[in-house]
1. Once you list every other residue whose beta carbon is under 9 Å from the beta carbon of residue 53, what net charge do they have if Lys and Arg are +1 and Asp and Glu are -1?
2. Quantify how much of the Cα-Cα distance distribution of the range 14-65 extends past 13 Å, in percent.
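What follows is calculated from the coordinates using simple rules that are stated; it is not laboratory data. Keep in mind that what you see is a predicted model, and the values were worked out from it rather than measured. With ideal geometry, Cβ positions are generated from the backbone for all residues, glycine too; neighbour counts draw on all protein chains shown.
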Amino acid sequence: MKAERGNSLPLNLPPRGLSRTEAAAYVGVSPTLLDMMVKDGRMPKPKHINSRTVWDIRKIDKAFDELPGGDPDEENEWEFSA
């Protein structure tokens with residue numbers, strides 16, 4: 001999150017709603033990939049507040065948790081087994 005957002009939130013408190021660019025950066029993808037993930041249901045659809053389009057950070061967190069990979073019980077395709 002950029003400090004120059006022009007709001008009064010403390011720097012350690014992320015905003016609840018993220019822009020498209022911020023939402024993409026938050027999950028580590030490009031805005032174009034975020035769009036594809038929204039379209040195929042891997043990421044949540046944004047909310048519309050007047051003329052603004054914002055993603056709910058809590059819904060992004062939930063969707064990110066549900067993405068495959070990173071689960072200790074899942075097989076690691078990159079792990080070398082002898």
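1. +3
2. For the range 14-65, the fraction of Cα-Cα distances above 13 Å is 52 percent.
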